[in-house]
1. Counting only heavy atoms of the protein chains, get the accessible area per residue of the chain (1.4 Å probe) and round it to a whole Å² value.
2. Could you tell me the ratio Rg/Rh of segment 385-444? Both radii from Cα atoms, Rh via Kirkwood.
3. Along the charge dipole of the chain, Cβ charges K/R +1 and D/E -1, which of Met355, Gly161, Val597 sits furthest on the positive end?
4. Which percent, to the nearest 5, of DSSP beta bridges fully inside the chain are antiparallel?
5. Taking 2.2 N^0.38 Å as the expected size of a compact globular protein, what ratio does the Cα radius of gyration of segment 219-294 give against it, to two decimals?
6. Roughly how far apart, in whole Å, are the Cα centres of segment 686-718 and segment 477-496?
7. What percent does the relative contact order of the chain come to when contacts are Cα pairs within less than 8 Å and at least six residues apart?
8. Run through the DSSP bridge list for segment 300-453 and note the antiparallel percent, rounded to the nearest 5.
Amino acid sequence: MLNKKVVRMFCWFLMLAVLAAFPTAIAVPLDPNLIALFADPHATPNPNMKHQREGLSRCIRDVLACDPRPAQVIFFGDLAYGRGETNDYHVLRELVKPLEEAGVHWTACFGNHDRREAFFSVFPERRAQTPLVPGRLVSIVETPNADFIMLDSCLEGPVNGGLDEPQKTWLQNTLAGVSKPFFIGAHHPLTQTGVAPLMAANEFSRGYVFGHKHHWEQRLEEGVETLCLPSTGHWGDIGYVLVNLDPDKAVFTLRQTDFYTPRPAAKLEDVKPEWRQRVEKNNGAQWQVKLTPREEGFVPLFNGRDLDGWVPCNIAPETFGARDGMIVTTGSPIGTMRTARMYENFIIEFEWQHMKSGGNSGLFIWADGLPVAGSAFSRGIEVQILDPGFNVNGKNEWYSTHGDIFAVNGAALTLAGRISPSGQRSFPSEERTRPSPEWNHYRVVANNGDIRLSVNGKEVTIAKAASPRKGYLMLESEGSECHFRNLRIKELPSTNPGPEEIAREADGFVPLFTGMDLRNWKVPAGDNGHWRVVNEVIDYDAKSEAPGDKNLWSEMSYRDFQLVVDWRIKETPYQNPRANNILADGSEETDADGKPVNITIPDSDSGIFLRGQGKYQVNIWCWPVGSGEMYGVRRDSSMPPEVRAGVTPKVKADNPVGKWNRFDITVRGSTVTVVLNGQTVLPGVTIPGLPVSGPIALQHHGSISDGVWTSPPSLVQFRNIFIRELNP
């Protein structure tokens, strides 16, 4: 420990040196719109740390050489070295004297190396009679165009910082009454002070400024623009920041003089080339912040607590969730979650963060409410959300990792700007995406079919003439965890899209299949794994070992409903010798003697049972009449002729074996309508005796003996199963 006499002598000589270095300037004006920001000076009398004293002196000389001079200097903590000894603050007192003598006002907050009582013992005049927050060094530095609210994040011991409850309460009350732009400053980063929610929700908030890390860095965090300051002389980026505030914007300019770690080079020839290069690159860098009012009209797309306003599509309930103010997707299964309603013209802003290198996700705009048959995704336009670590064949040929825009599943889009060599995507003009686990910011302007994407503050990708140009917004789950936060949207005036330019609605539909497991379904007792989920589809091999009913029934019963089911026949190993040609009246073709004319065809057989009974089956098979036929009703001779004819398909709409098909089945009262692949095969038939209510089943069919099929097997797969209950 240095004795007091030595310290006094040291300070006396230091004062003489400082005074010699700062010749008296006469009539240099002070500009209230100029502020100098100093951080981490770590003042100390330690003779081995003279670079810290010299660094702060150099910054002060530079400030006093300005004409006009900054009217204010703000110190962002770690004023002292080590544990904030009184001797450290005596050194600081001498170092800042030139500022005081020039009339430049200075303000400080505390960092983890500071100790309050030691500081106030040297600077008693800075102990407020009525502190804004008792026991804390909190202040508001006012300027004509924007204010700096300085917080005390020192916990006196831990390296990390934080705010006590009285300080949080004071800040919340203070921000509720602000009426001009402000910045919040503290020694510690935003994640440690926890003020992001208050700032993101305040229209006058413009940014968060801090020290602690000794590196110039500007980034968006938790919806708040942040700036990390250099140290005046400790280690890392060395220098300070000069802020010019005019009515329209604040310009933060880095004045960097050096870089070193952990200490300066002893000799000039020992300076590392990369140190010089960093100084050359950084010095003069700017952070520009608009002070004019923020855009009005934005509303949150996410309330920060739950998924109110969002609807799961072909996913499990846990695929998307709300956590810590974020929407989080697990990435499994592949699918989407959509907004509860459609949007036409809008600006959407949000942040996203992949938790795995190479993570994949996306924002769909103007999308149909349901996925395309056989696909995990809807028709729409995708704005790619891809981590730069994604690396499969074709990088920068058919895809990039910095904000592609492209049409999906039949949507139309005119590519513009930089176009991928494959000709399938609009590519970004430059690479601005930050890698996992860093946060990225997207701003998408979608207006009259044109799309403009800005990544981390700069527009990079454009596309035009999309169709549809009104539809749902969707967040994508695709294989790995991804986070979304600070989602907000501003709707723009309508440009009156035609009916063909509006996406297909899906209000009220809920998924019956999670893409992961057989929740919502009753697996037959004793099935032994033959009804199963494979690659996110329901797969059946027609070999259920259940001793009784082998069909897969829904857990719930339904009355009136619209059911969408995607299905495909995997293969047709069985040659069915008992197939028939079915005539328009529902009868089967016969010969001259009135006997059925059997034909032999490769066949598989399944179906959808309605309202709890196999008799009311919508057939899936390979017969010439096509799928959608209701076998049990058609062959019931007691049914009226018009009913038997009504349950006979009017057109064969099946896709080839191996391809996906989509049933759209509506049951209202006793009337059944079946649409297959967009074609109406049963236009609406009223069926006597149709039960009032009951569950739905995916049908088992077929038998096997000694490894040989003896009847058409249900070698089928199902996916994208949705139901919406209808009012009577």
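1. On the way: 30460 Å² over 728 residues.
Per residue, the chain has 42 Å² of solvent-accessible surface.
2. On the way: Rg = 11.9 Å, Rh = 12.4 Å.
Rg/Rh: 0.96.
3. Gly161
4. Details: 146 of 173 bridges.
Restricted to the chain, the bridges split so that about 85 percent are antiparallel.
5. After normalising by residue count via 2.2 N^0.38 Å, the value is 1.33.
6. 42 Å
7. Working: 1895 pairs, mean separation 66.5, N = 728.
Once divided by the residue count of the chain, the mean separation gives 9 percent.
8. Details: 31 of 32 bridges.
Bridges in segment 300-453 are about 95 percent antiparallel.
The values are calculated or read from the model by the stated rules, or taken from the named source; none is laboratory data. Since the structure is predicted, the reported quantities are computational estimates derived from the model, not experimental observations. Neighbour counts are summed over all protein chains in view; Cβ atoms, including those assigned to glycine, are modelled from backbone coordinates with ideal geometry. For accessibility, only protein heavy atoms count, side chains too; no ligands or nucleic acids. Shrake-Rupley method; radii C 1.70, N 1.55, O 1.52, S 1.80 Å.
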